[in-house]
Amino acid sequence: MDEKKHTKLYKESIANPKEFWDKQAKKFIDWSHPWTKVSDCNFAKGKINWYLGGKLNACYNCLDRHLPTKSKHTALIWEGNTPKEHKTFTYQELFEQVVKMANVLTELGVAPEDRVCIYLPMIPEAVISMLACARIGAVHSVVFGGFSANALKQRIVDCKSKIVITANEYSHGSKKISLKKNVDAALDKLSLVKKVIVVKRTNGKVAWNSKRDLWYHELIKQAGTNSNIYEADSDHPLFILYTSGSTGKPKGILHTTGGYLVYAATTQHYIFNCQPKDIFWCTADVGWITGHTYVVYGPLAIGSTILIYEGVPTYPDPSRLWKIIDKHKVSIFYTAPTLIRALIALGDQHLKTSTRASLRLLGSVGEPINPEAWQWFYKKVGKSNCPIVDTWWQTETGGILISPIPGATKLKPGSATVPFFGIEPKLLDEHGKEKKGVNEGYLVIKNSWPGQLKTIYGDSARFLETYFSRFPGFYLSGDAARRDKDGNYWITGRVDDVINVSGHRLSTSEIESALVKHPAPAEAAVVGKKDDIKGESVCAFVKLMKSYTPNDKLKSELEDTVKKEIGAIAVPDTIYWVEDLPKTRSGKIMRRILRKIVSGDVTEIGDTSTLADQEVVNSLIKHAQKK
């Protein structure tokens, strides 16, 4: 697409959004019944409706409709933990596996709108299980395999999953990780889940409950091959995906079928210029929204080939990713700045083991990419031949909202550049007044788009409060941004109490709650600190009970507690032992002061008139400077 066509399409999408999204829905998706109204949305009421009256099936659009012309075309490439392990599935083969799994779930009593929890590594069965749920109208809730038993339980209970799909264990570099063990711990004394389906990924032995546990391979072997498919309303729930919120309790983001699938396919096509011949590798885990939209639904909806990788980027050596690109002739590579920065630190020599000649486009996702990392990605990995789409979006948005369009947008290292079709971003000050021109402020979106979340599962009040109450008439992203003289957007970070660690959003209060489960802390406060590799690192300020003394052993115990409660990703990088925390007279911890302290910028602390004790801040500054 050239710049002139892009400008024309964008103007049309803003001036006549319903007409634009009507065309995209007809272009990219097959419907069993047409819609009667493109959209009916009202931010003030938290009403998000797209393609009213329309009927479709997400699995059908990802598999069935491609079979007449693409049955022998590769749909999925799986690269295992070691270079010797890999599998491929044609569209016909993937279709057959999904049909069998759909029949397994139906036989186990799973009905439309029942929730199925998927807790798997990056193996083909993860994709198969997601599509099988979509095929029968069940709602999948994928939980990242790195989450702990407690985090898993919380998500199972919140959405009332009746089935859990997991693996006995899986390989992660040189380690073996037992997911089944975590499932057993999560389900202890919990009668909600009726059956646990276990993929035998390794020969590792696991505990077995004969009344509840079932082997995946045995069920598939016995499964029927009849191809029943559920005709879903456009607003039928497709999946729930939990993301951290500033209150501590994860939010169950609910996406519905019609609008989400239209937006996934549309962004996949335009932003990545993705074609059926492409080998598309998005390195995200399916436990995150990027894995949902740009590992599974987006690429398969338009009939391209997806690649998924089970292992770690540096195993068995730091050249693994580049060798995989050559091995499978990957044409589009979409990854996170965290990973890019980590690979930069390992040295350029590891790039010499590959040509990467198949690459034509690179993508960045998860957090803003710093210009230095952008340049390395562009010049070293892409050999200055591959445009980079630096994308900004969220779990809640369903797909990319701001990004360059290849061939149409001038690239700016570090900038997400321009809004996608139909997206009208605004910058507001703290009072809700729009800031025009070159400026910085709260990033909000005017008007709805098809990929927008429907609600927070089971909590419509929180949905309204979180996204629409502060600035009426706008969707509040929770991010801050600045706009330059060319109208390009630069994402500057979170404005709420959520830390973005390696592209994973973690609630500060959730980590704080985990810390104080240990008997030693009287209080804990957590903030993020800028990190060259991870984007942000976790810093914890811990006030101990009088009977405890700070030491390395206690530090390790607190780290283990967080790991058990949430997962390794949330373990604090730094723990500050403090006598007290900065609080307002009403008892609220002033985290903005803590963020200033960990950043080292204490010259401008800001208004401290509401502090109960100014001396606490002075003491913290001195303490931090000694670290």
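The values are calculated or read from the model by the stated rules, or taken from the named source; none is laboratory data. It should be emphasised that the depicted structure is a prediction, and the values quoted were computed from it without experimental measurement. Reconstructed Cβ throughout: ideal geometry from the backbone, glycine too, with neighbour counts over all protein chains shown.
Among the residues of this structure, T561 counts as one that is modelled with pLDDT of 85 or more, in contact with a helix residue (DSSP H, G or I) (Cβ under 8 Å, 6 or more places away or on another chain) and farther than 21 Å from D496 by Cα.
Among S547, S556, S513, which is hydroxyl-bearing (S, T, Y) and either in contact (Cβ under 8 Å) with a residue 12 or more places away in the chain or in contact with a helix residue (DSSP H, G or I) (Cβ under 6 Å, 6 or more places away or on another chain) (or both)?
Working: S547 fails: either in contact (Cβ under 8 Å) with a residue 12 or more places away in the chain or in contact with a helix residue (DSSP H, G or I) (Cβ under 6 Å, 6 or more places away or on another chain) (or both); S556 fails: either in contact (Cβ under 8 Å) with a residue 12 or more places away in the chain or in contact with a helix residue (DSSP H, G or I) (Cβ under 6 Å, 6 or more places away or on another chain) (or both).
Going through S547, S556, S513 in turn, the sole match is S513.
Pairs linking a residue in the stretch 258-271 that is under 12 Å from S39 (Cβ atoms) to a residue that is among the acidic types (D, E) and surrounded by fewer than 24 Cβ atoms within 10 Å (Cβ to Cβ), with Cβ atoms under 9 Å and 6 or more positions apart or on different chains, are G258/D233; G258/D235; G259/D235. Within the stretch 426-441, can you find the residues that are in a strand (DSSP E or B), at pLDDT 95 or above and either surrounded by 15 or more Cβ atoms within 10 Å (Cβ to Cβ) or not assigned by TED's automatic domain parsing to the domain that holds W50 (or both)? Passing the criteria: K426, L427, L428. Take the conditions (1) touching a helix residue (DSSP H, G or I) at 6+ places or on another chain (Cβ under 7 Å); (2) in a strand (DSSP E or B); (3) surrounded by fewer than 20 Cβ atoms within 10 Å (Cβ to Cβ); W490 misses just one of them, which is (1). Starting from residues that are crowded, with 19+ Cβ neighbours inside 10 Å and either in contact with a Ser or Thr (Cβ under 7 Å, 6 or more places away or on another chain) or closer than 15 Å to K47 by Cβ (or both), keep the ones in the stretch 475-487 and report whichever is modelled with the highest pLDDT. Only one residue tops the list, namely Y475.
Condition check ((1) closer than 30 Å to I456 by Cβ; (2) buried (at least 21 other Cβ atoms within 10 Å of the Cβ); (3) polar (S, T, N, Q)) across all residues:
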residue: L9; (1), (2), (3): no, no, no
residue: K18; (1), (2), (3): yes, no, no
residue: S32; (1), (2), (3): yes, no, yes
residue: D40; (1), (2), (3): yes, no, no
residue: G46; (1), (2), (3): yes, no, no
residue: R65; (1), (2), (3): no, no, no
residue: L105; (1), (2), (3): yes, yes, no
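Whether a residue is surrounded by fewer than 20 Cβ atoms within 10 Å (Cβ to Cβ), in contact (Cβ under 8 Å) with a residue 60 or more places away in the chain and part of a helix (DSSP H, G or I) was assessed, and K249 does not pass this test.
Quick grid of which residues meet (1) hydrophobic (A, V, I, L, M, F, W, C); (2) surrounded by fewer than 21 Cβ atoms within 10 Å (Cβ to Cβ); (3) closer than 25 Å to D479 by Cα:
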{"site": "E512", "(1), (2), (3)": "no, no, yes"}
{"site": "L515", "(1), (2), (3)": "yes, no, no"}
{"site": "P519", "(1), (2), (3)": "no, yes, no"}
{"site": "K534", "(1), (2), (3)": "no, no, yes"}
{"site": "M545", "(1), (2), (3)": "yes, yes, no"}
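Applying the criterion of at least 1 residues that are modelled with pLDDT of 95 or more, basic (K, R) and under 26 Å from N103 (Cα atoms) to the strands (runs of 3 or more DSSP E) found wholly in the stretch 161-210 leaves 195-199.
Which ones in the stretch 153-177 are among the hydrophobic types (A, V, I, L, M, F, W, C) and within 17 Å of V196 (Cα to Cα)?
Of all residues in the stretch 153-177, those among the hydrophobic types (A, V, I, L, M, F, W, C) come to 156-157, 159, 163-165, 167, 177.
I156, V157, C159, I163, V164, I165, A167, listed by residue number.
Residues considered: G451, G414. Of these, the only one that is within 23 Å of T335 (Cα to Cα), surrounded by 24 or more Cβ atoms within 10 Å (Cβ to Cβ) and not basic (K, R) is G451.
Please pick out the residue among D278, D285 that is farther than 30 Å from D235 by Cβ and either surrounded by fewer than 24 Cβ atoms within 10 Å (Cβ to Cβ) or in contact (Cβ under 8 Å) with a residue 12 or more places away in the chain (or both).
D278
Taken over the stretch 536-583, the criterion of being assigned to a strand (DSSP E or B), closer than 25 Å to I344 by Cβ and in contact with a Ser or Thr (Cβ under 6 Å, 6 or more places away or on another chain) is satisfied by C539 alone. Only one entry in S210, S178, S161 is crowded, with 18+ Cβ neighbours inside 10 Å and farther than 22 Å from D114 by Cβ, namely S178.
The residues of the stretch 336-395 that are closer than 16 Å to K410 by Cα and aliphatic (A, V, I, L, M), listed by number, are L361, L362, I388, V389.
The residues in the stretch 443-471 that are among the hydroxyl-bearing types (S, T, Y) and either within 29 Å of F377 (Cβ to Cβ) or part of a loop (DSSP other than H, G, I, E, B) (or both) can be counted, and the count is 3. Reported count of residues in the stretch 501-547, each being of a type in the set (D, E, K, R) and under 28 Å from P368 (Cα atoms), is 9.
Scanning the stretch 213-240 for residues that are among the acidic types (D, E), touching a residue at least 40 places away in the same chain (Cβ under 8 Å) and surrounded by 17 or more Cβ atoms within 10 Å (Cβ to Cβ) gives D233, D235.
Inspection of the stretch 65-75 finds a residue satisfying the criterion of being farther than 18 Å from E231 by Cβ, in a strand (DSSP E or B) and in contact (Cβ under 8 Å) with a residue 24 or more places away in the chain.
In the condition set (1) surrounded by fewer than 14 Cβ atoms within 10 Å (Cβ to Cβ); (2) touching a residue at least 40 places away in the same chain (Cβ under 8 Å), C59 is compliant with all but (1).
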